[in-house]
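Everything below concerns the one structure shown next.
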Amino acid sequence: MTWIFTFFQSSIGKKILMATTGILLSLFLATHLLGNLMLFGGAEMFNNYVHSLANMKPVVRFAEVILTLLFLAHIISGIRVTLENKRAKSISYKISPGPETTKLHSRSMAISGSIVFIFLVFHLQTFWYSFQNMHSADADFYDVVINSKVGYNNPLIAGFYILALLLLALHLRHGFQSAFQTFGVGDSRYKSLIETVAVFFWLVIPLGFISIPVYFGFIK
Ligand code: HEM
């Protein structure tokens, strides 16, 4: 068992952990978007969807534990890889200046990742936490998401979501590029197929999420 810990302490182990947890979190985002798109179907459709989730609480709770572990592993290994890169660069800088693009890449991942994390804390504290305290059968979840003071009818909230989701797209774009390097698929004959799938995750899904605050905050 200790070999697993030793492996995840190594530089490549940390990168594999980051890439794997990142891909699993992207799969969560795809299912999360499918559920949230029900907001476009109106209050009844969205409320029925949330009630159906509430009716399978044990499954949802289990998924939440797995999600929390994935987020924690991704964030902790992200911090460690960033610190490691910084240390390595300050040493190599004394010999010769390092490549600017790598520095920019690593810095933008740390910044976009940190802002997405702040967004996530706010998001859970408003939507997820409010939903936990709404137990009655006629609870109006749609109203919390759209019409409450933390809902999308508030242009500040809608604007904050749009900004955070754009940064999420940037984070995922660079994240998928790094994952390809880690798994060595850059030269694979499936390269173009893999890149097309990646576009779905880093571009189509964030745009799908963005359509929600754009529509409910500025169009409806
Ligand atoms: C417009 C975009 C989004 C909307 C409308 C939205 C909506 C919601 C709602 C309504 C909940 C509460 C669901 C419940 O407890 O049943 C929720 C939970 C959650 N959201 Fe989002 N979300 C959005 C974007 C995101 C993004 C981009 C992330 C990740 C970076 C995210 C991560 C989560 C997580 C981890 C939960 C808790 C999951 C659970 O307990 O099942 N959300 N979201």
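The values are calculated or read from the model by the stated rules, or taken from the named source; none is laboratory data. The model shown is predicted, which means the values in this text are computed figures rather than measured ones. Cβ atoms come from the backbone with ideal geometry, glycine included; neighbour counts cover every protein chain shown.
Restricting to the range 127-150, count the residues that are surrounded by 14 or more Cβ atoms within 10 Å (Cβ to Cβ), part of a loop (DSSP other than H, G, I, E, B) and either among the hydroxyl-bearing types (Ser, Thr, Tyr) or within 8 Å of the ligand (Cβ to nearest atom) (or both).
1
Pick out, from the range 1-97, the helices (runs of 4 or more DSSP H) lying fully within it that include 1 or more residues that are basic (Lys, Arg) and surrounded by fewer than 13 Cβ atoms within 10 Å (Cβ to Cβ).
On the way: elements: 2-9, 11-36, 43-54, 57-95.
Output list reads 57-95.
Out of all the residues in the range 98-114, is one or more modelled with pLDDT of 90 or more and either over 30 Å from residue 20 (Cβ atoms) or near the ligand (Cβ under 9 Å from one of its atoms) (or both)? Steps first, answer last, please.
Our first condition is that a residue be modelled with pLDDT of 90 or more; within the range 98-114, this holds for 108-114.
From what is left, the residues that are either over 30 Å from residue 20 (Cβ atoms) or near the ligand (Cβ under 9 Å from one of its atoms) (or both) are none.
Within the range 98-114, not a single residue is modelled with pLDDT of 90 or more and either over 30 Å from residue 20 (Cβ atoms) or near the ligand (Cβ under 9 Å from one of its atoms) (or both).
What single numbered condition from (1) surrounded by 18 or more Cβ atoms within 10 Å (Cβ to Cβ); (2) modelled with pLDDT of 95 or more fails to hold for residue 179?
All conditions are met except number (2).
Enumerate the pairs (first residue in the range 48-67 and of a type outside the set (Val, Ile, Thr); second residue anywhere and more than 9 Å from the ligand (Cβ to nearest atom) and part of a helix (DSSP H, G or I)) with beta-carbon separation below 6 Å, excluding pairs fewer than 6 apart on the same chain, so at least 6 apart or on different chains.
49/38
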